[in-house]
Amino acid sequence: MTPWYRSHLIPFGLALIAFLIITTGGWIRISGAGESCPDWPTCFGTWGFDITPEEQGEWWEENPDEVDSRGGTHRYTTYQIFTEWAHRGLVGIIGILVAYSHYTAWSLRDKIGNKVYRIHFVSSVFLIMQAVLGYVTVDLDNAPWTVSLHLFMALIFTVSLLTVGFAWWEKQEGLPDKLRVDKISERLAKYIWYMCIIVLVQLMIGAYLSTSYHRAACDIGFYKGWPLCQSSILPTLEQFGIMLNYGHRVSAVIVGGLLLYLERKANKEFNNSKSIVRTMLKTAGIIYFVNIILGGLYVVTAVDGSFLGWLSLMHLLVGVCVFLTLATTHLLINISIKEKNVTN
């Protein structure tokens, strides 16, 4: 039996840590700690997080060019700084573990093949790109587009780790029968791939909305703020914020309809028999509709423009789970089935 520290469990464990990094990234946002460490990779010139208001003031005076959007008079709490510090700490930990996993994949090339190692190499490059984007995000004071791009890269990195895990598993031990896709139409396989892209774009738009000042563009409260927008089914799209917010909601309804269509098509194709594709699509659909409710509650429960941070974080993480579920379905299709078994 292959020991866990030289098996596919390594990249799967890394994917879990990557999810925790995404979680702490959302935690930073809801804590208002997005700029609590103005420099990178240090934090106020130190490697710790317990930085007093006086020490923060001294650092601002010595580094006036680093003053963030809140101004040099603003002071962050130890809790806020800790959230950013913990996020960076996890990135450092996963960096070390990815290096170990990279070496392990290289040392097992004769057993798992060069292809798995090459995929892992790409995954390692993605981690470096993610770190660079983290620096850019800090340097540009968490501009909404940088936060959205940072989330995008985090999701791509996570999926790349899952890809390594399943490919490694298949080459070293073989995927279990319950995860195999013996036959699937080319059309359904493509639809699942397209759905992955659509949900990914929707997540990026949601990240932009939650970071910018457009969260309340459609108003707040039940009915007039959600499910309506500006108390109307079709609001006047004069402002960018309303266009973005309303577009996000319309796309959410469309994606929900597409998920129902995919599930129905899968049921028909597999004749209601047990299949990992059917199970995963049904799971993604259920999670997605739960997330629509969470998105509505986020708007309905807002008071005087103040939103519940924990609901925002839940909305993000559940959305991420939808994307990862669809992405995993796509990976299982591509890894467990050969081209000759794909039917028209």
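The values are calculated or read from the model by the stated rules, or taken from the named source; none is laboratory data. On a predicted model such as this, the values are computed, not experimentally measured, just so you know. Every residue, glycine as well, gets a Cβ built from its backbone with ideal geometry; the counts of neighbours run over all protein chains shown.
Condition (residue is surrounded by fewer than 19 Cβ atoms within 10 Å (Cβ to Cβ) and either polar (S, T, N, Q) or more than 30 Å from F126 (Cα to Cα) (or both)) applied to the stretch 183-191: is it met by at least one residue? Taking every residue of the stretch 183-191 in turn, at least one turns out to be surrounded by fewer than 19 Cβ atoms within 10 Å (Cβ to Cβ) and either polar (S, T, N, Q) or more than 30 Å from F126 (Cα to Cα) (or both). When the residues of the stretch 1-40 are narrowed to those that are assigned to a loop (DSSP other than H, G, I, E, B) and free of Cβ contacts under 8 Å to residues at least 60 places away in the same chain, which ends up surrounded by the fewest Cβ atoms within 10 Å (Cβ to Cβ)? Of everything passing the filter in the stretch 1-40, M1 is surrounded by the fewest Cβ atoms within 10 Å (Cβ to Cβ).
When you look at G174, is it at pLDDT 85 or above, under 26 Å from R278 (Cα atoms), among the small types (G, A, S) and surrounded by 17 or more Cβ atoms within 10 Å (Cβ to Cβ), yes or no?
no
Of N334, N272, all but one fail to be assigned to a loop (DSSP other than H, G, I, E, B) and either surrounded by fewer than 19 Cβ atoms within 10 Å (Cβ to Cβ) or at pLDDT below 95 (or both); the exception is N272.
When the test is whether a residue is part of a helix (DSSP H, G or I), within 18 Å of the chain's Cα centre (by Cα) and assigned by TED's automatic domain parsing to the domain that holds D219, G319 passes it. Considering every residue within the stretch 28-37, establish whether at least one is assigned by TED's automatic domain parsing to the domain that holds D110, more than 22 Å from L155 (Cα to Cα), under 27 Å from the mean Cα position of the chain (by Cα) and hydrophobic (A, V, I, L, M, F, W, C). Yes; the residues of the stretch 28-37 include at least one that is assigned by TED's automatic domain parsing to the domain that holds D110, more than 22 Å from L155 (Cα to Cα), under 27 Å from the mean Cα position of the chain (by Cα) and hydrophobic (A, V, I, L, M, F, W, C). The criterion of at least 1 residues that are in contact with a Lys or Arg (Cβ under 7 Å, 6 or more places away or on another chain), touching a residue at least 40 places away in the same chain (Cβ under 8 Å) and assigned by TED's automatic domain parsing to the domain that holds I17 is met by the following helices (runs of 4 or more DSSP H) wholly inside the stretch 47-119: 78-107, 109-112.
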